[in-house]
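A.B. asks: Quick one: the structure is below, and I'll ask about it shortly.
Read-outs throughout are calculated quantities, based only on the coordinates presented, and are distinct from any laboratory measurement. Please read all numbers here as calculations on a predicted model, not as lab measurements. Every residue, glycine as well, gets a Cβ built from its backbone with ideal geometry; the counts of neighbours run over all protein chains shown.
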Amino acid sequence: MEAEEDYRRKERMVLAVIVVVASVAVASLLVAFSYYCYIRNKVSKRLKDLQGADDEDKYDFQNLQVVAEKGLQVFTFKQLHSATGGFSKSNVVGHGGFGLVYRGVLNDGRKVAIKLMEQAGQQGEEEFKVEVELLSRLHSPYLLALVGYCSDDNHKLLVYEFMANGGLQEHLYPMSSTNSISLKLDWETRLRIALEAAKGLEYMHEHVSPPVIHRDFKSSNILLDKAFHAKVSDFGLAKLGSEKAGGHVSTRVLGTQGYVAPEYALTGHLTTKSDVYSYGVVLLELLTGRVPVDMKRPPGEGVLASWALPRLTDRDRVVEIMDPALEGQYSMKEVIQVAAIAAMCVQPEADYRPLMADVVQSLVPLVKTHRSNSKVGSCSSFNAIKSPTPHDFALRPAKWGSRARPAQWSLGSGKEAHTMGLFEDYP
Ligand SMILES: Nc1ncnc2c1ncn2[C@@H]1O[C@H](COP(=O)(O)OP(=O)(O)OP(=O)(O)O)[C@@H](O)[C@H]1O
Ligand SMILES: [Mg+2]
């Protein structure tokens, strides 16, 4: 009897132990499962965020607030085939990263340039989409107009207005030995091109919301019409900027060597000031007639911006950088003023660079003055470089807020400082 009682007690104890162990096991399983769900949620949310940012990165141009959208013409491959004489070699006017560029004539007689995508690839497809989406929304006399496009399963083509004088770089440092130095652009034309290109960027940065950052601003993307008027082209790498003052967007570093702003190259943080840096490099090309990077040049001269910067801010040395082809065409006053703008634009610190609106404001009087001077005859004040001017030349940058005015930039020394917007006062 007692043995039976003892056996039952043991049995109850074992049962209790089993129940406790099982409960602990179930509880641990529940905790582990909840933790697993929590982690899974977190990871998938992060992946979604990243994916979202990536998608936004590509196709967020629908939200761009612009004055008007313009319908683009959709062409068939056959139409463009016949417009270019069957993509004949004799109609090739250039070759870039996207592919060959052909001269063409449409049925209505309009002259166009047709870019044929060389090989399908994600980068090419993305650039094609961005170019079409942006250029159907952005319209300015200083941006190259897209007439239409062709997009079928096998072909991607972009059709632009034709720019008879091609890319700016071809006129600054002609590659072919048959082009003599006399074919290079004159000073007055270079100043006007600088102003028109600045107006193109100013439109993208200041006249649309959110701002559009070009990301590949360079001399080959400034095209010249038959009268050498300039338009900015190639928006395939463009991105929408941050609307927050001083804000940036983070993105893959794309662009062209020698033109990419240092902070963008290092961190991937992109702002409109990255374009301002690239604009400064183009201004240096206009002043010097040199390519942005050429390691075959003497030591220290390989990278144009680093070589030029200390000279730009030194009145006695600024002439060292000038393109010999321009000799006798400019005055010291003009050179100092354009050099000062270039120096501001290529400041390593993005906040110290001006807004494109300020660059435009500073170039307008220069272009006007030059026009009125040139009526009297070619400006032959190269000698004036040697005659001393009463002002020392020094740059004293002050940090600019994203909407600051240029008055914080000054040229000159001490009491005689001249603000950037008051260049007309320079002797
Ligand atoms: N609308 C146009 N009218 C006339 N010529 C053009 C036009 N667009 C391009 N070209 C010519 O084709 C050349 C190549 O242009 P493209 O934009 O394809 O390449 P890129 O600017 O040299 O390099 P990237 O591919 O890096 O932009 C230009 O330098 C220019 O001579
Ligand atoms: Mg180009």
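A.B. asks: Going by how many other beta carbons lie within 10 Å of each one, how would you line up M332, M117, M13, fewest first?
C.D. replies: Going from least to most buried by this count: M13, M117, M332.
A.B. asks: Order by neighbour count: E301, E320, E127, fewest other Cβ atoms within 10 Å first, most last.
C.D. replies: Fewest to most other Cβ atoms nearby, the residues stand as E320, E301, E127.
A.B. asks: Additional query: Mind listing the phi-derived Karplus ³J(HN,Hα) values for region 231-241, rounded to whole Hz, using 6.51, -1.76 and 1.60 with θ = phi - 60°, and x for any glycine or proline?
C.D. replies: Each residue of region 231-241 in turn: 9, 7, 10, 6, 9, x, 9, 4, 9, 7, x Hz.
A.B. asks: Long-range amide H contacts for V147: which residues qualify at under 5 Å (H placed 1.01 Å from N, peptide plane, sequence gap of 5 or more or a different chain)?
C.D. replies: When sequence neighbours closer than 5 places are left aside, the close amide H contacts are V159, Y160, E161.
A.B. asks: Can you sort D275, D225, D153 from fewest to most other Cβ atoms within 10 Å of each residue's own Cβ?
C.D. replies: Placing the least packed residue first, the sequence is D153, D225, D275.
A.B. asks: How long is the gain from V105 to A265 if the chain were fully straight, where each residue apart is worth 0.36 nm and the alpha carbon distance is subtracted?
C.D. replies: In short, 53.6 nm is gained.
A.B. asks: Using a simple spin-label model with points 7 Å from Cα along the Cα→Cβ vector, what separation in nm is obtained for E5 and S88?
C.D. replies: With each label placed 7 Å out from Cα toward Cβ, I get 11.9 nm.
A.B. asks: Pairs K89/K129; K226/K296; K89/K199: which are spaced more than 30 Å apart, C-alpha to C-alpha?
C.D. replies: Exceeds cut-off: K226/K296; K89/K199.
A.B. asks: Between K226 and T76, what is the label-to-label distance in nm when each label sits 7 Å out along the Cα-to-Cβ direction?
C.D. replies: Simple spin-label model gives 3.1 nm for this pair.
A.B. asks: Starting from the Cα of L29, step 7 Å along the direction of its Cβ; do the same at E118; then give the gap between the two resulting points in nm.
C.D. replies: 6.1 nm
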